[in-house]
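The structure appears right after this line, and notes come after that.
The values are calculated or read from the model by the stated rules, or taken from the named source; none is laboratory data. Owing to the predicted nature of the structure, the values given are computational and were not obtained by experimental measurement. A quick note on method: Cβ atoms are made from the backbone with ideal geometry, for glycine too, and the neighbour counts reach across all protein chains shown. Surface areas here come from the heavy atoms of the whole protein model, side chains and all, with no ligands, DNA or RNA. Shrake-Rupley method; radii C 1.70, N 1.55, O 1.52, S 1.80 Å.
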Amino acid sequence: DRAHERGVRVRCIVDGNNRNLGFSNTAFPVFRMGRGGNALMHHKFIVIDPESPSDAWLFMGGTNLTRNQLYTDPNSALTFEDQMLARIYLKEFESLWGGQGDFYQSELSIRGDDKLNNTPEDLFFRTFPVRSYFSPSDGTTQGILRALESAEEEIYFSLLTFTKNEIRDLLLDKQSQGVQIKGIINNINDNGGEYFTLRDNGVDVQASNQGFIHHHKYAIIDPGTERSALIVGSHNWTQKAEDTNDENLLILFEEDLSLIFLEEFMARWCENDPLHSECILAEDPETISPSGLRVIPQPTVAHRVQL
């Protein structure tokens, strides 16, 4: 509202299936997109000044702008100060909005399976490669499979819901090849859910058992290596995300990001199972000289770090 009062053009799309009370009585235009049936406008992104080389900014990830999502539910989001990514997400927004105008144009709005694959997939952000996908037009599941297939040592995934058989089968194949796999899933009883199949086939997978919604939608591949990759966005590993909802996803091939997300993964892993062997500190840890030690990420949120 304050930006609108300053003369900034503000345009907003929200999912029409939810109340979205934060956008009640706004002075700027808000389109409540109703897709019919169970289809969702599932995006969670914000684009600011995409035409400015110095001020362009993008917020994206799996975090809704609600009190629980911001303060209670485990979630993730990234921000980029980058015109290229901001303009790519603007193109997706204006496809749904129906053009570049100030107001929503229903006759020009292209959404769901009517959308075209009209944005670049393979990008280079600063110093590392990035792949960008929008659903249901861009074959996002194939992008996820392509990234997971590259794993040689470790895969970690953290998801609200997981029902895609193709991804399940690939994970089982990678485990048979010796890749270590760990996962956390919130909705273990969803129709077609993969939790029990993975567990029964020996995959180290946890059901989130906390009093909040484990809302993450990310995966980490070979963290801390030159092959590191982070898969992150609004896209759950489901058929609905693949061919029904409007979604977005980035795959970032960057070592430090993979390690930061690994810190978050292990924090939630040990929150679920404090007595897991990887979560118990030694009774008599060895004291060593701090000379030459480096903690990544720094600073760490932990009070103690055990090597």
task: Would you check if there is a residue in the range 31-40 being modelled with pLDDT of 95 or more and exposed (fewer than 15 other Cβ atoms within 10 Å of the Cβ)?
output: no
- request: List the helices (runs of 4 or more DSSP H) that sit entirely inside the range 1-107 and contain at least 2 residues that are farther than 23 Å from residue 117 by Cβ.
  value: 2-5, 67-71
Pick from the range 250-307, criterion β-branched (Val, Ile, Thr) and closer than 20 Å to residue 231 by Cα, ranking: modelled with the lowest pLDDT: 296
field: Residue, least open to solvent (accessible area, probe 1.4 Å), within the range 179-228, restricted to residues that are free of Cβ contacts under 8 Å to residues at least 60 places away in the same chain and of a type in the set (Ser, Thr, Tyr)
entry: 228
message: Take residue 19 and tell me if it is free of Cβ contacts under 8 Å to residues at least 40 places away in the same chain and open to solvent by 30 Å² or more (accessible area, probe 1.4 Å).
response: yes
- prompt: Of the residues that make up the range 110-117, is at least one modelled with pLDDT under 95, outside any loop (DSSP other than H, G, I, E, B) and touching a strand residue (DSSP E or B) at 6+ places or on another chain (Cβ under 9 Å)?
  reply: yes
task: Looking only at the range 240-260, decide whether some residue is assigned to a loop (DSSP other than H, G, I, E, B), surrounded by 23 or more Cβ atoms within 10 Å (Cβ to Cβ) and on the phi < 0 side of the Ramachandran plot.
output: yes
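Scanning for something open to solvent by less than 40 Å² (accessible area, probe 1.4 Å), under 19 Å from residue 105 (Cβ atoms), touching a residue at least 40 places away in the same chain (Cβ under 8 Å) and touching a strand residue (DSSP E or B) at 6+ places or on another chain (Cβ under 9 Å), does the range 51-65 turn up at least one residue? Walk me through it before giving the result.
So the first thing to find is which residues in the range 51-65 are open to solvent by less than 40 Å² (accessible area, probe 1.4 Å), and the list is 52, 56, 58-63.
This time we only want the ones that are under 19 Å from residue 105 (Cβ atoms), so: none.
No, every residue in the range 51-65 fails to be open to solvent by less than 40 Å² (accessible area, probe 1.4 Å), under 19 Å from residue 105 (Cβ atoms), touching a residue at least 40 places away in the same chain (Cβ under 8 Å) and touching a strand residue (DSSP E or B) at 6+ places or on another chain (Cβ under 9 Å).
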